[in-house]
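Participant: Quick one: the structure is below, questions incoming.
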Amino acid sequence: MPENKRSIIVLISGNGTNLQALIDNCKSGKIPGKITHVISSSAKAYGLERASKADIPTTVHRLYTYYKGIPREDKKNRAKARAKFDKDLSTLILNKLGKPDLIVCAGWMLILSSEFLKPMEAADVPIINLHPALPGAFEGTHAIERSWDAGQKGIVNKGGCMIHYVIEQVDRGKPLIVKEIPVIKGETVDDFEARIHAQEHVAIVEGTVEVLEGLNAQEK
Ligand code: GAR
């Protein structure tokens, strides 16, 4: 491994097919970087196995642990626990694992608040996220189902995915890579989802390459 490879920390919550695309393209040399750690918000995420198979160390950082014993109605203490979860995530990355060149959210299903974003900004660590919808459309959860539904109802004529910089407004940061797919009338949601995922696996690699090459260019 050449010394000059950029370090990447990947945040996941589930299957990890996008993590796999990153692993494969780091290995092939297309991405000028190395995944130094994978953090999962779920202990059951299959992406953890993908990381282990590629000899990448992993950490599980679960929100459930922070909410344990706090009733749903106790909004004040839930909010405090949520903030501590994000703060501890930033401490884990910056103080324990070591500051990476880039953080990639590849199917990370939790909103990252200022408790996490501010320390990362202060440390000058860029964060990018994959979202399965086009800029300005279907922010938040279940974006694939919602955009498929809108397509089938004739409200939109395309769907897609994007890689964008992460800011506090959910899925609203500056887009880096946008991939569009046309709506196909009568298509099942599963087939639509498969077409989105195929685009995601390309987009996440392109977005990661773009950020890392940008960092390399800045240093020249
Ligand atoms: C992807 O479809 C990604 O766009 C989505 O989670 C999936 C993760 O798949 N992310 C979001 O919806 C974030 N708002 P993977 O675990 O197989 O990479």
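Readers should treat all values here as calculations from the given coordinates under stated rules, not as data from a laboratory. Only a predicted model underlies this, so the values are computations on that prediction, with no experimental measurement involved. Every residue, glycine as well, gets a Cβ built from its backbone with ideal geometry; the counts of neighbours run over all protein chains shown.
Participant: Could you tell me which residue out of V178, A203, A51 lies farthest along the dipole of the chain toward its positive end? Charges go on the beta carbon: Lys and Arg +1, Asp and Glu -1, centred on the Cα centre.
Facilitator: Among V178, A203, A51, the one farthest towards the positive end of the dipole of the chain is A51.
Participant: Taking R0 as 30 Å, what's the FRET efficiency between S7 and E139 from their Cβ-Cβ distance, rounded to 0.05?
Facilitator: Step by step, r from the Cβ atoms, then E = 0.55.
Participant: Mind giving me the FRET efficiency for A122 and V60? R0 is 22 Å, r the Cβ-Cβ distance, nearest 0.05 is fine.
Facilitator: 0.30
Participant: So, by mean Cβ neighbours within 10 angstrom, what's the order for 112-120, 127-135 with the highest one leading?
Facilitator: 127-135, 112-120
Participant: Place the peptides 66-72, 100-106 in order of packing, highest mean first, counting for every residue the other Cβ atoms within 10 Å and averaging per peptide.
Facilitator: Ranked from most to least packed, the peptides come out as 100-106, 66-72.
Participant: What dipole magnitude, in Debye to the nearest 20, does the range 101-220 give about its Cα centre under +1 on Lys/Arg Cβ and -1 on Asp/Glu Cβ?
Facilitator: My answer is approximately 360 debye.
Participant: Determine how many Å³ per residue the convex hull of the Cα atoms of the range 98-220 encloses.
Facilitator: So the per-residue Cα hull volume is 100 Å³.
Participant: Follow-up question, since we're still on this one. Write down the Kirkwood hydrodynamic radius of the range 132-188, to one decimal in angstroms, obtained as one divided by the mean of 1/r over all alpha carbon pairs.
Facilitator: In the range 132-188 this quantity evaluates to 11.6 Å.
Participant: If you build the convex hull over the alpha carbons only and average its shadow over all orientations, what do you get for the range 164-211? Give it in nm² to one decimal.
Facilitator: Answer in nm², one decimal: 4.0.
Participant: Classify the range 11-116 from the C-alpha gyration tensor, please: rounded if a/c falls under 1.5, else prolate or oblate depending on whether a/b exceeds b/c.
Facilitator: It is prolate, given that a/c is not under 1.5 and a/b is the larger ratio.
Participant: Quick one: what Rg and Dmax do you get for the chain from the alpha carbons, in Å?
Facilitator: Rg, Dmax (Cα atoms, Å): 17.7, 54.
Participant: OK, next. Whole angstrom only: what separates the Cα centroid of the range 1-77 from the Cα centroid of the range 188-220?
Facilitator: 16 Å
Participant: Is the shape of the range 4-54 best called rounded, prolate or oblate, per the rule: a/c under 1.5 gives rounded, else a/b larger than b/c gives prolate, else oblate, with a ≥ b ≥ c the square roots of the Cα gyration tensor eigenvalues?
Facilitator: It comes out prolate by the Cα gyration axes.
Participant: What helices does the chain hold that run 15 Å or longer along their axis, going by alpha-carbon atoms, with a Kyte-Doolittle average of -0.5 or more, using DSSP H for the helix calls?
Facilitator: Span-like helices here: 17-28, 189-219.
Participant: Quick one: of the DSSP bridges fully inside the chain, what percent are antiparallel, nearest 5?
Facilitator: If I count the DSSP bridges inside the chain, around 40 percent turn out antiparallel.
Participant: Next question. Assuming 0.36 nm per residue, please report the length gained on full extension of the stretch Y67 to E187 beyond their Cα-Cα distance.
Facilitator: My answer for the length gained is 39.2 nm.
Participant: What FRET efficiency, computed as 1/(1 + (r/R0)^6) with R0 = 35 Å and r the Cβ-Cβ distance, is obtained for N15 and Q169, rounded to the nearest 0.05?
Facilitator: Given R0 = 35 Å and the Cβ-Cβ separation, E is 0.85.
Participant: Another question about this same structure. Among K53, K27, K158, whose mean-square fluctuation peaks in a Gaussian network model of the chain (Cα, cutoff 10 Å)?
Facilitator: Judging by the Gaussian network model, the answer is K53.
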